[in-house]
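Report on the following structure.
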Ligand code: FAD
Ligand code: NAD
């Protein structure tokens, strides 16, 4: 069987489903193919993000935060209770329900936009033909005037810590424990390690994170990273920097299986024995088997699809977006690329501003930023000024019992244009967008400082930080 479409999208993750829906809105005939199956063994749209990434991890972060707050925050508010318990299966069941709601939501959006879904593995052939090996059996060939590759990414596996789905796992396994592991180790103090490490720590696991690099969160502002390390330590997350794992071994039988991890740090070789090991050392483009011979599409050394700044592969009508191409592996970066490519195909001016992509780590406190860090600006020789303001002096944060953290605004020393906004504290995943909007509109620190912010709100930290850039913060000594 073969059929023609204006646009064939490979992958229904954040990048692919945005591209498909936008292209359909613009009047194109669209097909979207996805190979993924949900926990129930049925096709599930929405990609890593909806099935085993952003959405389920945030569901567990929220459940575990409620539990943690009972023991660590409620007392301060005068609330007491007896016998707090966590039922992990209910918590995971709630997460599964949310995942089902949102993956099912994409199927409904496809229907509403008259997008034809295909369920199976897709391979691009020469001439913009996409061959689909369908789960229901049989191959189909779809020809697209345009093909958008949105194949996403998979977890990187370490040769000395192969996933076994039981004791050595990636994010998929760590979102589905049936009980709280007594001892959990994580290789990689990146975003997944910190978020999923926090989930299980809050529920009572002893969590040790082994990070090969000597610095903690080097991509974040150095002051933010320093405070984050302090706060995580207070919560009992044991983060070992400069720890290089060389070997892992699963020993024991049945429920008594353990993982013995051998690593070296500045003091020499050490071992750590845990019940579960989460490997979270980054992700790689899911491009294995994606391209048949002779398509003309090229892969980089890291297996990503090679594209230009407009996500075009250089082959007529073939585009690639999201985690399988260069740039940060973030759902919202994929959203924007999906929309931009659909608009470019329709002859509109689609574009993504990489300078204003926000970054958020959903730990407690949350970490969020947009733009350049002080370290980056120093390395680039850019003259800048900063203003910061602590949540400890924000009435709303103190009233909530969440005074940790601060907001820092970085502005150009001469023009006052905002170059970055960095924050750690309660609610900063939402607050960071003030910085995003200000930067998109080429705003200055003075602009932010002169905008009326409601009192008492957390956003006042941004207002005062912006005022502090010119040493005129009202609520702290400048
Ligand atoms: P994907 O979401 O990976 O989707 C690609 C889809 O294509 C998949 O469904 C796959 O099955 C399908 N596919 C691949 N190859 C083929 C093929 N040949 N044929 C058919 N189908 C194919 N990002 C954030 O911005 N915020 C977060 O809070 C966040 N949390 C995360 C938490 C975890 C635990 C993880 C693992 C990731 C998280 N991310 C987060 C990253 C985010 O999930 C990814 O950046 C995002 O999903 C990438 O979107 P995508 O569409 O490019 O790829
Ligand atoms: P990451 O790149 O964030 O962190 C990986 C960490 O592992 C790094 O600190 C790295 O130095 C370390 N590492 C690499 N090899 C190692 C080794 N052999 N031993 C010890 N440490 C090692 O990757 P991740 O946490 O796996 O997340 C993958 C992607 O998913 C990220 O690109 C991230 O953008 C995305 N994600 C985003 C969010 C969010 O936006 N909140 C949440 C989760 C995941």
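Matching residues to (1) under 30 Å from residue 20 (Cα atoms); (2) loosely packed, with under 15 Cβ neighbours inside 10 Å; (3) assigned by TED's automatic domain parsing to the domain that holds residue 11:
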| site | (1), (2), (3) |
| --- | --- |
| 57 | yes, no, yes |
| 67 | no, no, yes |
| 89 | no, yes, yes |
| 92 | no, no, yes |
| 99 | yes, no, yes |
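When the residues of the range 317-347 are filtered to those that are over 16 Å from the mean Cα position of the chain (by Cα) and without any contact (Cβ under 8 Å) to a residue 40 or more places away in the chain, the one that is farthest from ligand 2 (Cβ to nearest atom) is 347.
Scanning the range 109-128 for residues that are farther than 22 Å from residue 323 by Cβ, in contact (Cβ under 8 Å) with a residue 40 or more places away in the chain and not in a loop (DSSP other than H, G, I, E, B) gives 116, 125. Residue-level check: of (1) in contact (Cβ under 8 Å) with a residue 60 or more places away in the chain; (2) more than 11 Å from ligand 1 (Cβ to nearest atom); (3) farther than 17 Å from residue 14 by Cβ, residue 291 misses just (2). If I filter the range 234-291 down to residues being touching a helix residue (DSSP H, G or I) at 6+ places or on another chain (Cβ under 7 Å) and outside any loop (DSSP other than H, G, I, E, B), which single residue comes out as surrounded by the most Cβ atoms within 10 Å (Cβ to Cβ)? Restricting to residues being touching a helix residue (DSSP H, G or I) at 6+ places or on another chain (Cβ under 7 Å) and outside any loop (DSSP other than H, G, I, E, B), the top hit is 278. Within the set 189, 185, the sole residue that is part of a strand (DSSP E or B) and not assigned by TED's automatic domain parsing to the domain that holds residue 338 turns out to be 185. Take the residues of the range 434-458 that are out of contact with any helix residue (DSSP H, G or I) (no Cβ under 6 Å at 6 or more places or on another chain) and surrounded by 15 or more Cβ atoms within 10 Å (Cβ to Cβ): which is nearest to residue 416 (Cα to Cα)? Checked the range 434-458; the qualifying residue nearest to residue 416 (Cα to Cα) is 444. Put simply, of 12, 84 the only residue that is near ligand 1 (Cβ under 9 Å from one of its atoms) and part of a loop (DSSP other than H, G, I, E, B) is 12. Being more than 9 Å from ligand 1 (Cβ to nearest atom) and at pLDDT 95 or above holds for only one residue in 59, 44, 36, and it is 59. Annotation note: of 431, 448, the sole residue that is in contact (Cβ under 8 Å) with a residue 60 or more places away in the chain and over 14 Å from residue 355 (Cα atoms) is 431.
The values are calculated or read from the model by the stated rules, or taken from the named source; none is laboratory data. Treat the numbers as computed from the prediction; the structure is a model and nothing was measured. Neighbour counts run over all protein chains shown; Cβ positions are idealised from the backbone, glycine included.
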